[in-house]
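Some notes on the structure that comes next.
The values are calculated or read from the model by the stated rules, or taken from the named source; none is laboratory data. Since the model is a prediction, treat every value here as computed from it, not as a measurement. A quick note on method: Cβ atoms are made from the backbone with ideal geometry, for glycine too, and the neighbour counts reach across all protein chains shown. Accessible surface areas use protein heavy atoms only, side chains included; no ligands, DNA or RNA. Shrake-Rupley method; radii C 1.70, N 1.55, O 1.52, S 1.80 Å.
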Amino acid sequence: MSHLEEASRVGFGEALPISAEHGEGLADVAAVIEELTEAKRKRLGISTEYDDEGGITSGHSAEKPLQLAILGRQNVGKSTLVNALLKQERVITGPTPGLTRDSIAVKWSWRGRPVQLTDTAGIRKGAQRDRSDDIEDLAVQDAMRAMKTADVAVLVLDAEARVLQRQELAIADAVVKEGRSLVVAANKMDLLIDEEYSKEDYADAVQEQIEIRFPMLRKTPVVPMSSLTGENVDRLTPVVFNARDRWAQMVNTGLLNRWLKEVLDTQAPPLHNGRPIKIKYIMQTKGRPPSFLLFSNVEEIPTSYLRYVTRNFQEAFQMYGMEVRMSIKKSAENPYQEKKTSNSVGIGGWQGRTKRLVKSLKQTGAPPKRKRKRYKR
């Protein structure tokens, strides 16, 4: 057992002797894992219950974890923000750019709601990356892969830059085009805030820059914070959950069509190839991201008017910080409109004659009289 004493000198704590081939000592390892799991669940405030088969159940097991990706340029404070959210030194931080190379996923619970938090590597322009090896390119690919699987992406900005960088706009564009919901974390506000410049002024300035550079991202949620001091960090998570709920929302078809009628009454669609455009009705095909189908008498609607409809939809349903996808389908009739019923008995041919005969026999006991057509001379 002398090798155990040598392993203990490394500083990793008490060593457990096991035999993987014969299965000896694995019960001790399982007991240690169970003990550490119980301690962590208590620390996070997650209650532990056991079902009839001995499995662990939780009061929030039905809710899917929120997939949250932290994105941004190098050295903007992404890893520091992750540690501030978790309230522990979970990932390595430092002033050296490019310190984080791999995407690190951390399971977390916020007020009993599960979160899968992913810290990613800083994303630089392709021309600025180190071409001596492929490590940085692989790290960027890993970050983009984390963004594509996320529900909400948090774009971290650096207040020291004063203005939005082109690379940050490219990241925001990639997030929106991928169909994810976007939240902006304006970090390092402690370097700018003073008596004459409040954090609200800082958030408004960031939002104004985003709207000027990217009109489709107007009113995107912006949370000013300082991940180093922890100020305002606790405001980020409620905004993120609200963004996820809006992103996954399914709107009632009746409510959508009432909204569409108001929009069309305010400004009618323009002419298309000399004929009036009629948008008959709208329906939501899916959420995550919100996607809608407009049924019209034409196959294409001018882009300017489609932007007008999308902008009004975002205003009415608070769908900010995400792409609202509107597709057009040519349709001859509105299936939601009440159809007029005629007084005819049935269809023509022998089926119609049989139906009229049965109806007449039930009502009068005699076959129906045939009406002879009179022709004018």
ask   = Hey, in the GNM for the chain with a 10 angstrom Cα cutoff, which one of E89, E21, E35 fluctuates hardest?
value = E21
ask   = Taking a threshold of 19 Å on the Cα-Cα distance, which of the pairs K78/K188; K280/K329; K40/K87; K177/K219; K87/K199; K107/K219 fall above it?
value = K87/K199; K107/K219
request  = For the chain, set up a Gaussian network in which alpha carbons nearer than 10 Å are linked by springs, and say which option among S227, S79, S327 fluctuates the most.
outcome  = S327
ask   = For K40 and E6, what does the FRET efficiency come to when R0 = 30 Å and r is the distance between their Cβ atoms, rounded to the nearest 0.05?
value = 0.50
message = Tell me the accessible surface of D142 in square angstrom (1.4 angstrom probe, heavy atoms of protein chains only), to the nearest ten.
response = 40
ask   = Per the Cauchy relation, a quarter of the hull surface: what is the mean projected area of the convex hull of the alpha carbons in segment 244-300, in nm²?
value = 4.4
inquiry  = If I take R0 = 45 Å and measure r between the Cβ atoms of E211 and R113 in this structure, what FRET efficiency does the formula 1/(1 + (r/R0)^6) give, to the nearest 0.05?
reply    = 0.90
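Determine the gain in length on full extension of the stretch E89-K219; use 0.36 nm per residue of separation and subtract their C-alpha separation, reporting nm with one decimal.
In short, 43.5 nm is gained.
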query = Accessible area per residue of the chain at 1.4 Å probe, in Å²?
reply = 63
task = Quick one: compute the contact order of segment 196-254, relative version, from alpha carbon pairs under 8 angstrom and 6+ residues apart, as a percent.
result = 21
inquiry  = With just the Cα atoms defining each centre, how far is segment 205-230 from segment 62-99? Give it in Å.
reply    = 18
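Based on alpha-carbon positions alone, could you give the equivalent ellipsoid semi-axes of the chain from the gyration tensor, as √(5λ), descending, whole Å?
Largest first, the chain gives 58, 34, 19 Å.
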request  = Please give, to one decimal in nm, the separation of the simple spin-label points placed at V106 and L361, each 7 Å out from Cα toward the Cβ.
outcome  = 8.1
query = How large is Rg/Rh for segment 173-230, to two decimals, with Cα atoms and a Kirkwood Rh?
reply = 1.03
key: Residue order for R258, R325, R218 - accessible surface, 1.4 angstrom probe, largest first   = R258, R325, R218
The chain, accessible surface, carbon-and-sulfur percent (1.4 angstrom probe) = 50
query = How much length, in nm to one decimal, is gained on full extension between M283 and A20, taken as 0.36 nm per residue of separation minus their Cα-Cα distance?
reply = 88.9 nm
request  = Kindly report, to the nearest 10 Å², the accessible surface of K330 as traced by a 1.4 Å probe over protein heavy atoms only.
outcome  = 110
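Can you give the calculated 222 nm mean residue ellipticity of the chain, where each DSSP H run of n ≥ 4 adds -39,500 (n - 2.57) and the sum is split over every residue, rounded to the nearest 500 deg cm²/dmol?
Roughly -11000 deg cm²/dmol at 222 nm, from the helical runs in the chain.
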task = With all protein chains present, calculate the accessible area of T253 using a 1.4 Å probe and round the result to the nearest 10 Å².
result = 40
request  = Using only Cα atoms, find the angle between the long axis of helix 26-44 and the longest principal axis of the chain, and express it within 0 to 90 degrees, rounded to the nearest 10.
outcome  = 70
Alpha-carbon Rg/Rh ratio, for segment 278-319, with Rh computed the Kirkwood way = 0.96
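How big is the Cα convex hull of segment 216-283 in projection, averaged over all directions, in nm²?
7.1
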message = Angle check, please: helix 349-363 long axis (alpha carbons) against the longest principal axis of the chain (alpha carbons), in degrees 0 to 90, nearest 10.
response = 80
key: List M326, M216, M189, ordered by accessible area with a 1.4 Å probe, largest first   = M216, M326, M189
ask   = Between the helical axis of 236-247 and the dominant principal axis of the chain, each derived from Cα atoms, what acute angle in degrees is found, rounded to the nearest 10?
value = 20
ask   = Got a sec? Charge dipole of the chain, +1 on Cβ for Lys and Arg, -1 for Asp and Glu; which of L361, V184, A39 is way out at the positive end?
value = L361
key: Residues of segment 255-291 with amide N under 17 Å of the 7 Å Cα→Cβ point at R311   = 263-270
query = How big, on average over all directions, is the shadow cast by the Cα convex hull of segment 175-290, in nm²?
reply = 10.5
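Please state the relative contact order of segment 60-158 as a whole percent: Cα pairs under 8 Å, 6+ residues apart?
Reported relative contact order: 42 percent.
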